[in-house]
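What follows is a short report on a single structure.
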Amino acid sequence: NYFDYDYPLPAAGEAPFKPAVTVMPSPWKDGNKLVHIGIKGYDIAPDTKQPRSHLVFLLDTSGSMNAPDKLPLVINSLKMLLEKLQPEDTVAIVTYAGSAGTALEPTQVKEKAKILAALENLYAGGSTAGAEGIRQAYQLAEANFDKEGVNRVILATDGDFNVGVSDRDELVEMIEKNRDRGITLTTLGLGTGNYNEALME
């Protein structure tokens, strides 16, 4: 934490980011240089009239997620996210481990206690049936679809799909069809070690 991370912001949105470059003599070897490059993106002010959000969280609860930087991190992050959503926004939770299931039907954020109770009941264990979980998540998103709002499935996993239909072309086709209907997908990769970056992409 030696460096100052308060990098200068771009002046306008036309420049999406601005680099800050520092070159200094190396303290370890004469003649060598240290190069520090920092990048800061344009700071977009939050829209005060943000559209209604309908979020379906597809959470990997398989045994590989049983680590502090995986499922517990997701649960704590979702608790923090609830503070940023509007009372009329909805949250749903689908889990998958061996078999998929709905842990929380679409619930308005104003029913915070109900959402927190569902999060507290999550635990990691079992093998991974990711494809069936994705299908259930999209079904919930479609049942609660709002053409004027944000309809999004958020997948949180270490990418370790090892049970069930895992054909990448089939998964991509499913994701693309839903995207064209207005339901988008975000993937959150967690942990290290067995992280499957190719499948997450």
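A few remarks follow.
- Filter result (β-branched (V, I, T) and modelled with pLDDT of 85 or more) within the stretch 151-201: V153, I154, T157, I175, I183, T184, T186, T187
- Residue match in the stretch 87-96 (condition: of a type outside the set (G, A, S) and exposed (fewer than 15 other Cβ atoms within 10 Å of the Cβ)): yes
- Residue pairs meeting the criteria (Cβ under 8 Å; at least 6 apart or on separate chains; first under 12 Å from I44 (Cα atoms), in the stretch 1-20; second of a type in the set (D, E, K, R)): L9/K18; L9/K40; L9/D43; P10/K18; P10/K40; F17/K40
- Scanning the stretch 41-79 for residues that are within 15 Å of the chain's Cα centre (by Cα), open to solvent by 20 Å² or more (accessible area, probe 1.4 Å), in contact (Cβ under 8 Å) with a residue 60 or more places away in the chain and closer than 25 Å to Y138 by Cβ gives H54, L73.
The values are calculated or read from the model by the stated rules, or taken from the named source; none is laboratory data. In this text the structure is predicted, and so the values were computed from the model without any measurement. Virtual Cβ from ideal backbone geometry, glycine too; neighbours counted across all protein chains shown. Accessible surface is based on the protein model in full, side chains and every heavy atom, while ligands, DNA and RNA are left aside. Shrake-Rupley method; radii C 1.70, N 1.55, O 1.52, S 1.80 Å.
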